[in-house]
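Engineer: Sending over a structure as structure tokens; questions will come in a sec.
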Amino acid sequence: MTLADYRKSRGEPAIQEAHEAAHSEKHPSAREYIAIGLVLGAITAAEVALYYIDISRNVLLTALAIMSIAKFTLVVMWFMHLKFDNKLFTYLFLLGLLGAIALFTIVLVTSAADVV
Amino acid sequence: MAHASTAHLETSTGIDNRKLLMWFFLSSDCLFFGSFIAAYLLYRDRSLVGPYPEDLFDIPFTSVSAFVLLMSSVSMVLALAAIQRGNVRGMQIWLFTTAMLGALFIAGQVYEFTEFHHEGLSLSTNLFGTTFFVLTGFHGAHVTIGVLILLSLFVYSLRGGIQQKDSLNVELAGLYWHFVDIVWIVIFTLIYLVQP
Amino acid sequence: MATATVPRRSALGEALAGVRHAADENPGSLLGWLATVDHKKIGVLYGVSAFLLFLVGGLEALLMRTQLMFPNSDVLTNDQFNRLFTMHGVTMVFMVVMPLSAAFFNLMVPLMIGARDVAFPRLNAFSYWTFLGGAILINISFFTGDIFDGELGAPDGGWFGYAPLSLPEYTPGNGMDFYAIGLQILGLSSLAGGLNFAVTILNMRAPGMSLFRLPVFIWMTLVTSFLIIFAMPVIAVALFELTFDRLFEANFFNVDAGGNPILWQHMFWLFGHPEVYILILPAFGIISEILPTFSRKPLFGYAFVVFSGIAIGFMSWGVWVHHMYTTGLGTIANSAFGISTILIGVPTGVKIFNWMATMAGGSIRFKSPMMFAVGAVAMFTIGGLSGITHSMVPSDYQQQDSYYIVAHFHYVLFGGAILALFGGIIYWGPKFTGRLFNEPLAHIHFWVMLIGFNLTFFPMHVSGLLGMPRRVYTYDEGMGWDVWNLLSSLGAFCIALSVIVFIVNFVYSIMMKRGAVAGPDPWDARTLEWSITSPPPHYNFATIPQVHSLDDWWHQKYREDADGNVIPAMAGAALATEVAHGGDGGEEHGDEHHGDIHMPSPSFMPLIAALGIPIMGIGFIYDYALVPVGATLLLVGIYGWALEPATEED
């Protein structure tokens, strides 16, 4: 018995159908991708502008952090399609990303480094 | 195992093997870049001799090059959108554009590296030279491999090798490409913009 | 990229397809082995290579133990001794235990989950050939010194390669370059394997095999694969940093430039601690399969054993500083990691109790695989207890860098992992060779090995606590260490004897085919691999099995009657039919039906690609001209791989 037959015997839709059903409403259009691209460009411009403005270091760092996280999220969730895909991909990616951040934060703190 | 084109229908999770592999790989690559970034951050401001970052960084130049890489992500996703709709021509145009933007980014990196080198920064000069060149060098190597992959796909598609049903190949290349872009987002912010 | 429709094949394409057909038609030929993508053959390749390297590592150990047998010995010089302890560690960790585990992943994973092969057969082959290239590269280093003068060129900075000792200023010569580059290559091989098995286990399970019906060995393989996927990049970075420092005068660990050698230790142990769980979890999986079979009882607390494995996987990331207590990181860091290290003993303890509970009340048959499994549990427990004593920061201050540590890790790695792996060889070997090992010989092997092992390593607890440091090539008399070292050395020769017994058993039972015919299910076991012939057909299962429960094969064979007694569910003839047809529920199949099972075609591309990598490595050490040569081979292999179809048309 193939996996496809097994799913049919349990009344589950074939993977391909389920996949397509989920997908058809959820693909961003070319227009949306370009819009996101413009937002990415605008955020980058803002980051650079902030670099030159005379503001306190803490404000600068916070603002830069927020903006780069925003860009990161946009690319990962929309361009890499993580928002619309199987949750397993999100969990896998977060495992590596958050794991790396946690581990190296500990390394840096333990080494009493000046992180910023 | 059934014929490869329908393989993803037969998997226990419903996900294509190759797509799952790519996400595992990208997750793993987070650790790779995380390690080099940590080394950079550990040694930030600890170089005993110059040149130092503030002597060398040309923020306007690097911002343009960061922008180029970001736009290459846009063209990449447009290439994928095209082939998913069966538009082979559109995919080819956007694939080629992405590769060219990537090559432009690399050209920018090469220019930046040679400039810094002329100013006296090498791998062995100080901690900054070591950590900067190795981190951005490995990132650049990733981009270069990406450009090779994109150009290979492009050439292959010229021979009719990529049709709508093969869009996964472009999607996989896209995932790799976007990842390399987000690594640069992190590097650009942490290394260039955040300075003492 | 094999799914695309390409216009007609070029002449080159046709020629390459022809070579693949030749390999397919003659699977037993040299061509067949070089181009194999069959997980069963790749498993054999890993197993044989790892065993040969076990003999190499063992020889290195015997030489060291000969030198240390008596005080003030000069059998070996201090330089030779340094090379040997470095290579013994590198060999045993990276070229014996890891590839032996890889052998079992390869042989068992598809069979236990009811699949025909792994998710990426060519990547699988690439993993093996890359491993072989790296293993050969590192071992060649022995011969790069003036060997007739007794000068060994092998790495000599310890298997953990601490900076700044590993840098050219303190360790001139090429040895540490072979270390850095060789380990890099081995790491790549492992990473490819980890990725492959993670996808295989998640994606290629037979219908009905939900995650909580997976055999525990598969769960342990899955956790190990996750650990490999996340730990290998860290050691890769550490090794790149070392390589750049050594070859290109970078400053990662250069104190004069302000660098911090402790960075190396962080990177190495961030990888290194998950690595030791990578070494032991597959062995835990093997034990979890053997104990229920020979107790005729299901594994006690399946969910606990699975969850404790997952917990160990997560927690293994949070303890690495316990290798660095004495580096001066401070009270807070040491205390935090001391607590986390104490805590990681808990999930392992959970497993040990569940194993004991599995045996309790069971109908135990002390066949040789069972002996090895029980021995492994006992020896691992001892090693785990000494490990817990290391977790206490102040007591570790005394133990660090002494023979007490050597005792600990040999109890867990030899006593735990190696004994379990031998158990696995005797338990599962017959599935692939079709022959059982000789039981009396296997029992002799076990007892001589167990006694020899304890004789070698137990005294090291004592000499360690009496202050004997690690990695010293000799010691003075009157330190109180003499008798313990003598005992250890005698024990080492005893171990060697037991290995000879195993080799005799292998030659006699398997190579000379004097072992009893195994049949499909010689142990009356519980899992799917026992439902097919020994050896299995190349396609594994005639029809992919339909799984209804945990230990599905057991439940096909047996059910419980009204009083709860276990009785056969099928009569003898029906059982035989079941097995002959690969457990497919008795549908009739002729051999001609199996003609439409398309297995992936053999391929030379993984071998070609893998060959390029050590050539690049040698190029970086000796002559940069070789680097583009190796890179070209790698690229040719990769492009060939991408452009060829996974399965050639007939």
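Where a number appears in this text, it was derived from the coordinates with a stated rule and is not lab data. If you're wondering where the values come from, they're calculated on a predicted model, not measured in any experiment. Here the Cβ is made from the backbone with ideal geometry for all residues, glycine too, and neighbour counts use every protein chain on show.
Engineer: Measure out, as a whole number of angstrom, how far apart the alpha-carbon centroids of region C:135-210 and region B:27-92 sit.
Structural biologist: Comparing the Cα centres of region C:135-210 and region B:27-92, I get a distance of 30 Å.
Engineer: How large is the dipole of the protein assembly as shown about the Cα centre if only Lys and Arg carry +1 and Asp and Glu carry -1, each at its Cβ, rounded to the nearest 20 debye?
Structural biologist: Roughly 1580 debye for the protein assembly as shown.
Engineer: Suppose R0 equals 35 Å; then what is the FRET efficiency for residue C:512 and residue C:136 from their Cβ-Cβ distance, rounded to the nearest 0.05?
Structural biologist: 0.75
Engineer: Cα to Cα, under 18 Å, and not fewer than 8 places away if on the same chain: which aspartates and glutamates meet these conditions relative to residue C:41?
Structural biologist: Reachable aspartates and glutamates: C:24, C:25, C:117, C:529.
Engineer: Shifting gears a bit: Let me know the mean shielding of A:35-45 by other chains, meaning the per-residue number of their Cβ atoms within 10 Å of its Cβ.
Structural biologist: Other-chain Cβ atoms within 10 Å of each residue's Cβ, averaged: 4.
Engineer: Which cross-chain or sequence-distant (5 or more) residues have an amide H under 5 Å from the amide H of residue C:435, H modelled 1.01 Å from N in plane?
Structural biologist: Amide H neighbours of residue C:435, under 5 Å, 5+ apart: C:518.
Engineer: What is the packing order of peptides C:610-618, C:451-459, taking the mean over residues of other C-beta atoms within 10 Å and listing the highest first?
Structural biologist: C:610-618, C:451-459
Engineer: Arrange C:97, C:629 by Cβ neighbour counts within 10 Å, fewest through most, would you?
Structural biologist: Ranking C:97, C:629 by Cβ neighbours within 10 Å, fewest first, gives C:629, C:97.
Engineer: Rounded to the nearest 500, what is chain C's calculated 222 nm mean residue ellipticity when only DSSP H runs of at least 4 contribute -39500 (n - 2.57) each, over all residues? Could the numbers behind the result be given before it?
Structural biologist: On the way: 21 runs with 393 residues, N = 650.
When only DSSP H runs of four or more count, the value is -20500 deg cm²/dmol.
Engineer: Could you give the radius of gyration (one decimal) and Dmax (whole number) of the Cα atoms in region B:56-193, in Å?
Structural biologist: Answer for region B:56-193, Rg first and Dmax second: 16.5, 53 Å.
Engineer: Going Cα to Cα from residue A:71, which aspartates and glutamates come in below 12 Å? Please leave out same-chain ones fewer than 8 positions away.
Structural biologist: Filter leaves A:47, B:181.
Engineer: When C:266, A:81 are ordered from fewest to most other Cβ atoms inside 10 Å of their Cβ, what list results?
Structural biologist: Ordered from fewest to most neighbouring Cβ atoms within 10 Å, C:266, A:81 come out as A:81, C:266.
Engineer: What residues have an amide H closer than 5 Å to that of residue C:558, excluding those fewer than 5 places away on the same chain, when H is modeled at 1.01 Å from N in the peptide plane?
Structural biologist: Correct list: C:569.
Engineer: Which of the three applies to region C:84-182, rounded, prolate or oblate, going by the alpha-carbon gyration tensor with a ≥ b ≥ c and a/c under 1.5 meaning rounded?
Structural biologist: It is prolate, given that a/c is not under 1.5 and a/b is the larger ratio.
Engineer: Still on this model: Sort B:192, C:277 so the one with the fewest other Cβ atoms within 10 Å of its own Cβ comes first.
Structural biologist: On the way: B:192 19, C:277 24.
Lowest to highest Cβ neighbour count: B:192, C:277.
Engineer: Report the gain in length on full extension from residue C:476 to residue C:162: 0.36 nm times residue separation, minus Cα-Cα distance, nm rounded to one decimal.
Structural biologist: On the way: separation 314, 0.36 × 314 = 113.04 nm, distance 2.64 nm.
So the chain would gain 110.4 nm between residue C:476 and residue C:162.
Engineer: Something else about it: Express the Stokes-Einstein translational diffusion coefficient of region C:321-394 in µm² s⁻¹, to the nearest whole number, given a Kirkwood radius over alpha-carbon pairs, 37 °C and a viscosity of 0.692 mPa s. Before the final figure, lay out each step's value.
Structural biologist: Numbers: Rh = 14.3 Å.
My calculation gives 229 µm²/s for D.
Engineer: Can you compute the equivalent ellipsoid semi-axes for the protein assembly as shown, i.e. the square root of 5 times each eigenvalue of the Cα gyration tensor, sorted largest first and rounded to whole Å?
Structural biologist: Values: eigenvalues 377, 303, 134 Å².
Ellipsoid semi-axes (Å, largest first): 43, 39, 26.
Engineer: Work out the charge dipole of the protein assembly as shown with +1 on the Cβ of Lys and Arg and -1 on the Cβ of Asp and Glu about the Cα centre, then indicate which of C:441, C:519, B:177 is farthest towards its positive end.
Structural biologist: Positive-most Cα among the choices belongs to C:519.
Engineer: Then there's this: Hey, how much of the P(r) for region C:431-492 falls beyond 17 Å, as a percent of Cα pairs? Could you put the intermediate results ahead of the total?
Structural biologist: On the way: 993 of 1891 pairs.
For region C:431-492, the fraction of Cα-Cα distances above 17 Å is 53 percent.
Engineer: What lysines does residue C:351 reach when the alpha-carbon gap must be under 25 Å and sequence neighbours fewer than 8 apart in one chain are set aside?
Structural biologist: Within the straight-line cut-off, residue C:351 pairs with C:297, C:367.
Engineer: State to the nearest 20 debye the size of the charge dipole of chain B about its Cα centre, where the only charges are +1 on K and R beta carbons and -1 on D and E beta carbons.
Structural biologist: 680 debye
Engineer: Suppose R0 equals 25 Å; then what is the FRET efficiency for residue C:356 and residue C:559 from their Cβ-Cβ distance, rounded to the nearest 0.05?
Structural biologist: 0.35
Engineer: Tell me, what HN-Hα J-couplings in whole Hz come from the Karplus equation 6.51 cos²θ - 1.76 cosθ + 1.60 at θ = phi - 60° for each residue of region B:161-174, using x for Gly and Pro?
Structural biologist: With coefficients 6.51, -1.76 and 1.60, one gets x, 10, 10, 3, 5, 9, 4, 4, 4, 5, 4, 5, 4, x Hz.
Engineer: At a Förster radius of 35 Å, what calculated FRET efficiency corresponds to the Cβ-Cβ distance of residue C:566 and residue C:598, to the nearest 0.05?
Structural biologist: Details: r = 40 Å, r/R0 = 1.13.
Using R0 = 35 Å, I get an efficiency of 0.35.
Engineer: Still on this structure, please answer the following. Once you have the Kirkwood Rh of region C:36-523 from its Cα pairs, apply Stokes-Einstein at 37 °C and 0.692 mPa s and quote D in µm²/s.
Structural biologist: 143 µm²/s
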